[in-house]
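To keep things clear, I will list the structure first and then write my remarks on it.
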Amino acid sequence: MAAADAPKIERGEAVALVLGAGGARGLAQIGVIEALQARNLHVTAVAGSSSGALVGGLFAAGKLGEYRDWLYGLNRAQMLRLLDPALGRSALFGGERLIRALRDLTGDVRIEQLPIQFTAVAVDLMRQREVWLREGDLWDAVRASFAIPGVFTPHRVHGRDLVDGGLLAPLPIAATRLSDAHRLIAVDMHGWPTRPPGKPAEAVEPVESTPDRLVAGAEARFAAWFGRRMDKAAAPPAAGANGLGELGFTELMARSLDTMQAQIARVQLALDPPELVIRIPRDACQFYEFWRGRELAEIGRREADRVLDEAGY
C-alpha cells in the first residue's frame, strides 16, 4: 500500500509502532521515532524484535534520549569493550556487560509499569514458536530478543531459553494486536539498497587499539581479534574476487540471516498491512556497526520524514 493511498492517521489518534530486526540498522529507528514525535503522532504501543526491541524498550521507558546521548559518545573500541567473551559457551558473547550498561541508564524497570505498552518478541527454539514478552524485567526481555544465535548466548526467561525474535518475527506486526491502538506504523529494515548494484561497501577504519589498562589480558586480545575479523568482513573484495565463496564467515552469516528476515517481513506486511511503512535501506551499515549510531539515526529520520511528507503529515 502506497503511503499516499493509506488511511489517514488523525492527530491524537492512538498509534502502534512496530520496530524491526536488523542488527545495527535498528539504530536508525531512533531517528524514525524522533520524526514521529516531531509530527505529534501519538504512539501508545510498541512491539519490537532484536535491535527493534532494544530501541522500543528504551522509548517505552522514556529513556531513548539518554540512550541516544550515551550511544553517540561511544567510539568503536569502547563499543567492542561492551562485548564480554562467552568462552566455552554456545556463542561469541554473553551480553551481560552490555545489559549492565543499559540497566545503568534506566534502572530496574518492569514492562507492565512502562507508560507505553511494550512487547519484546523472542523465539523459543525448543518449541519453535514466537514468545511475546509483555511483563517482567525490561532488560531480561530485551536481552532475550537480541540473542542472535552464534553471536549472543540464549537468555532464560520464565524457565525458557530464548533467542533472537528476528528468526520468526523480524517485523512483529501480530504482537501489536493486543494493544488499543487504532493505527499501525511499521519500520522495515530491508529497504532497497542505496548503492548501485555491484558496488562494494566502503572499507572501514581499522579498530582502535584497546589499552591493557582498560581491557586486561585475554579480553584485550579477544577485542583486537574480533575487530580484525570485522574489518576483514567489511573490506571491499580483492581484485578478481567473485561470488559468495569470497565472503568471510561473518558476512556470509549476516547476509543469510538478512535474506531470511527480509522474506518473512514481506509476508508479514502482506498479511497484515500497516497504515504506514518506513523502510531503512538494507545496505545502511554492516550488522555489527553499532558505533555508527548518529549516522544511522539520521538515515532513519530522513526516511521517516520522506514517508510522512508523502502521506501528508
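The values are calculated or read from the model by the stated rules, or taken from the named source; none is laboratory data. Computed from a predicted model, the values in this text were never measured in an experiment. Cβ atoms come from the backbone with ideal geometry, glycine included; neighbour counts cover every protein chain shown. The protein model used for the area step is the full one, side chains on, heavy atoms only, and it has no ligands, DNA or RNA in it. Shrake-Rupley method; radii C 1.70, N 1.55, O 1.52, S 1.80 Å.
Summary table below
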item	result
Any hit, the stretch 122-133, residues being under 19 Å from the mean Cα position of the chain (by Cα) and farther than 13 Å from V163 by Cβ	yes
Unmet requirement for V55, which otherwise passes all of (1) of a type outside the set (G, A, S); (2) in contact with a Leu (Cβ under 8 Å, 6 or more places away or on another chain); (3) at positive phi	(3)
The stretch 152-166, residues that are without any contact (Cβ under 8 Å) to a residue 60 or more places away in the chain, open to solvent by 10 Å² or more (accessible area, probe 1.4 Å) and not β-branched (V, I, T)	R156, H158, G159, R160, D161
Any hit, the stretch 267-281, residues being open to solvent by 10 Å² or more (accessible area, probe 1.4 Å) and of a type in the set (G, A, S)	yes
Residue list for the stretch 75-88, filter: open to solvent by 30 Å² or more (accessible area, probe 1.4 Å) and either part of a loop (DSSP other than H, G, I, E, B) or closer than 19 Å to H155 by Cα (or both)	N75, R81, L83, P85, L87, G88
Condition broken by E66, with the remaining ones in (1) in a helix (DSSP H, G or I); (2) in contact with a Leu (Cβ under 9 Å, 6 or more places away or on another chain); (3) open to solvent by less than 70 Å² (accessible area, probe 1.4 Å) satisfied	(3)
Among (1) part of a loop (DSSP other than H, G, I, E, B); (2) surrounded by 15 or more Cβ atoms within 10 Å (Cβ to Cβ); (3) out of contact with any helix residue (DSSP H, G or I) (no Cβ under 8 Å at 6 or more places or on another chain), the one test that L98 misses	(1)
Sole residue being assigned to a helix (DSSP H, G or I), open to solvent by less than 20 Å² (accessible area, probe 1.4 Å), closer than 21 Å to V151 by Cα and in contact (Cβ under 8 Å) with a residue 24 or more places away in the chain, chosen from A91, A21, A35, A53	A53
Residue that is touching a strand residue (DSSP E or B) at 6+ places or on another chain (Cβ under 9 Å) and farther than 23 Å from A186 by Cα, where the choices are R89, R81, R110, R76	R110
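Listed here are the residues, each with its yes/no results for (1) within 23 Å of R279 (Cα to Cα); (2) part of a loop (DSSP other than H, G, I, E, B); (3) open to solvent by 10 Å² or more (accessible area, probe 1.4 Å).
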| residue | (1), (2), (3) |
| --- | --- |
| D104 | no, no, yes |
| V123 | no, no, no |
| D140 | no, no, yes |
| G150 | no, yes, yes |
| H190 | yes, no, yes |
